[in-house]
Amino acid sequence: MRRRFGLAALACLTLGVAAPHSAAAARYAIGVESLDAIAPLRRALGPGAESLAPLPAVVVERTKAPLLLELPGATYVERLGTRTPSFEPNDPLALEQWHLAANHAFDFWPTLPLLPPVRVAVIDSGIDGGHPDLRSRIVAAESFVGTPAREDATGHGTFVAGLIGAAIDNAEGVAGMAPSAELLIAKVVAEDGTIDVEAEARAIRWAVDEGARVINMSLGGVRDPRDRSRDTYSPLEEAALAYATRKGVVVVAAVGNGDAAPSMPWPYASYPAALPHVLGVSALARNGSSPAFSNRDRIYNDLAAPGQGLLSTFPRALTASFKECADQGYSSCGSDEYRAAEGTSFAAPQVSAAAAALIALRPSLRPEQVTALLTGTAVDVNAGTGCRACALRRDALTGWGRLDVAAALRTLAADTLPPADAREPNDDLGAQAAPVWGPIQRFQATLDFWDDQNDVYAIRLRKGQPVYVSVRGPAGVDTNLIFWRPGARSIEHFGSLGRVAAQSARPGAREYLEYRAPTRGTYYVQVKLGSRGGGRYKLTIVKA
């Protein structure tokens, strides 16, 4: 399968500074949508929560920051305290990079931090390997299309790489957003602008094996559940990304641009953004609105970032055509489509850079924790912020809202960690299921309606052996149990429905079932969300 390349022109931790990190109590301001939400929020927070009415906010003291997604009616959580000056890079073109201020890219750091390196893979069209703002950041480059990886005929990959990893505070050019990013460059774009899915899968495997902690994919294929003839879903691509997730890699992908879809705006995120465990990113205009070219999606659009009027690195071989232009090697000296570059392709790398910063501050983070930190601290995009078409809270245009790097780093530094789930991805039957051994097993894991609706566990049973299964799902979220017989192919395969042995699907978060195996074999326990929401669940499996 070949896809048309989604060009974005429409197309122990050592810190150089003392990061806010303390187990002592701190005060937090929690915003609400309306004054009516203050009373239920105070009840949820318990004694000590103070209303700031008529300001739409509550103040509370905690040793750990309250989690936004667990607070009724809350719109933000802000750690309070005295302000300190934030770091400002001396790169001369940084002032023209409006996305740096919009994302609060450096607000967390008083000075440029000294952080452990984090490898970020850019799977794209290659890179200008000798670019002065990039060459010191490239640790490996590999081509999967036959042309050199350190050459970039379109400029797309060089632009993306610069948003993530351009050298910071070197008094030259632009500033990247990830202070300690090491770039892994995987070239997958052919000369004609297409991408072979096999090349993409090989690039993902290479990046993981080279130590990538973040993979950026500013590319994609059309998703159309209404017309399978033009839907570009690839099981090979999904398997490659599952391999990355299993190895602890955060995968970030652009949701796609409408010019590459059958119509605009397009209501579905592109692949691979529309796959489980992939953080899908849409674009925002400078006025806060959602541009018409940015694909919508009720499920797979997770986060938004600036996607218009962006400035980044650009191949010097391409800017040389404009000899009169002073800023050689930067998109301001590129072709018209890149001088005011726009697209979800350029929103995604900003999120990849934020993910790298979080991992640098806490290398032990799992992918689902990074995703939860970024989405849980996002700033809601709605009519009040410039997007009249965007509903309050999560919506199809911007997901959970606009990226806020400083808020995510503050939450992490306050030791407010989302739950981890080391068994991911265990989303289906067969080899994808997580094996369960022993007579009694108790698990704590996570589910998320928008990213991880199903967890599957494989258990071996003797003929006649009874098994008892119970689950306590996330509070307030409908959770179901399904028990599968041996031989079932997939939870999504229609022909497998006859292999359902038992199920418990009562309303609410608690379910229980028991079953006696008629034959010896491998059976499967599926935990499935039945309503919107997410969080930690507890599963108990007892084999008698």
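Observations on the model:
- Options A269, A261; residue that is over 19 Å from G384 (Cβ atoms), at pLDDT 95 or above and among the small types (G, A, S): A269
- One residue stands out among those in the stretch 413-427 that are charged (D, E, K, R) and out of contact with any strand residue (DSSP E or B) (no Cβ under 6 Å at 6 or more places or on another chain): the one that is surrounded by the most Cβ atoms within 10 Å (Cβ to Cβ), which is E424.
- Residue tally, condition surrounded by fewer than 24 Cβ atoms within 10 Å (Cβ to Cβ) and in contact with a Phe, Trp or Tyr (Cβ under 9 Å, 6 or more places away or on another chain), over the stretch 328-360: 4
- Scanning the stretch 311-319 for residues that are assigned to a strand (DSSP E or B), crowded, with 23+ Cβ neighbours inside 10 Å, at pLDDT 95 or above and of a type in the set (A, V, I, L, M) turns up nothing.
- From the options T371, T377, T385, residue that is in contact with a helix residue (DSSP H, G or I) (Cβ under 7 Å, 6 or more places away or on another chain) and either in the same structural domain as D448 (by TED's automatic domain parsing) or of a type in the set (S, T, Y) (or both): T377
- Restricting the stretch 377-391 to residues that are under 26 Å from A360 (Cβ atoms) and among the aliphatic types (A, V, I, L, M), the residue that is surrounded by the fewest Cβ atoms within 10 Å (Cβ to Cβ) is V379.
Every residue, every condition in (1) within 19 Å of D427 (Cα to Cα); (2) hydrophobic (A, V, I, L, M, F, W, C); (3) not assigned by TED's automatic domain parsing to the domain that holds A445, yes or no:
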site: R460; (1), (2), (3): yes, no, no
site: Y468; (1), (2), (3): no, no, no
site: V477; (1), (2), (3): yes, yes, no
site: W484; (1), (2), (3): yes, yes, no
site: S490; (1), (2), (3): yes, no, no
site: L497; (1), (2), (3): yes, yes, no
site: R510; (1), (2), (3): no, no, no
site: L529; (1), (2), (3): yes, yes, no
site: R536; (1), (2), (3): yes, no, no
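Table: residues versus (1) touching a Lys or Arg at 6+ places or on another chain (Cβ under 7 Å); (2) of a type in the set (D, E).
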site: D428; (1), (2): no, yes
site: P435; (1), (2): no, no
site: P439; (1), (2): yes, no
site: G476; (1), (2): no, no
site: V525; (1), (2): no, no
site: K543; (1), (2): no, no
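- Residues that are within 18 Å of the chain's Cα centre (by Cα), at pLDDT 95 or above and part of a loop (DSSP other than H, G, I, E, B) are absent from the stretch 184-206.
- Hits in the stretch 151-165 - residues which are buried (at least 24 other Cβ atoms within 10 Å of the Cβ) and acidic (D, E): D152
- Close contacts from the stretch 296-320, counting a first residue that is farther than 28 Å from A372 by Cα and a second that is among the β-branched types (V, I, T) and modelled with pLDDT under 95, with Cβ to Cβ under 7 Å and a gap of 6+ residues or different chains, come to none at all.
- The lone criterion from (1) closer than 21 Å to V370 by Cα; (2) part of a loop (DSSP other than H, G, I, E, B); (3) of a type in the set (A, V, I, L, M) left unmet by L219 is number (1).
- Residue within the stretch 254-266 that is in a helix (DSSP H, G or I) and touching a Pro at 6+ places or on another chain (Cβ under 7 Å) present: yes
- Restricting the stretch 392-407 to residues that are among the hydrophobic types (A, V, I, L, M, F, W, C), crowded, with 21+ Cβ neighbours inside 10 Å and not in a loop (DSSP other than H, G, I, E, B), the residue that is nearest to the chain's Cα centre (by Cα): V405
- Against the test of being over 16 Å from K187 (Cβ atoms), assigned by TED's automatic domain parsing to the domain that holds S331 and not aliphatic (A, V, I, L, M), the options E142, E172 yield a single qualifying residue, E172.
- Residues (in contact with a strand residue (DSSP E or B) (Cβ under 6 Å, 6 or more places away or on another chain) and surrounded by fewer than 19 Cβ atoms within 10 Å (Cβ to Cβ)) located in the stretch 437-453: P439, I440, Q441, R442, F443, Q444, F449, Q453
- Of all residues in the stretch 209-225, those satisfying the criterion of being farther than 15 Å from S270 by Cβ and surrounded by fewer than 23 Cβ atoms within 10 Å (Cβ to Cβ) are D209, E210, G211.
- Contact map, the stretch 334-359: first residue more than 17 Å from L397 (Cα to Cα), second residue buried (at least 24 other Cβ atoms within 10 Å of the Cβ) and charged (D, E, K, R), Cβ cut-off under 6 Å, separation 6 or more or different chains; pairs are I359/R213.
- Residue selected from the stretch 483-518 under the condition more than 18 Å from K543 (Cβ to Cβ) and aliphatic (A, V, I, L, M), by the criterion surrounded by the fewest Cβ atoms within 10 Å (Cβ to Cβ): L497
The values are calculated or read from the model by the stated rules, or taken from the named source; none is laboratory data. In this text, all values refer to a predicted model and were calculated from it rather than measured experimentally. As a convention, Cβ positions derive from the backbone with ideal geometry for all residues, glycine included, and neighbour counts pool all protein chains shown.
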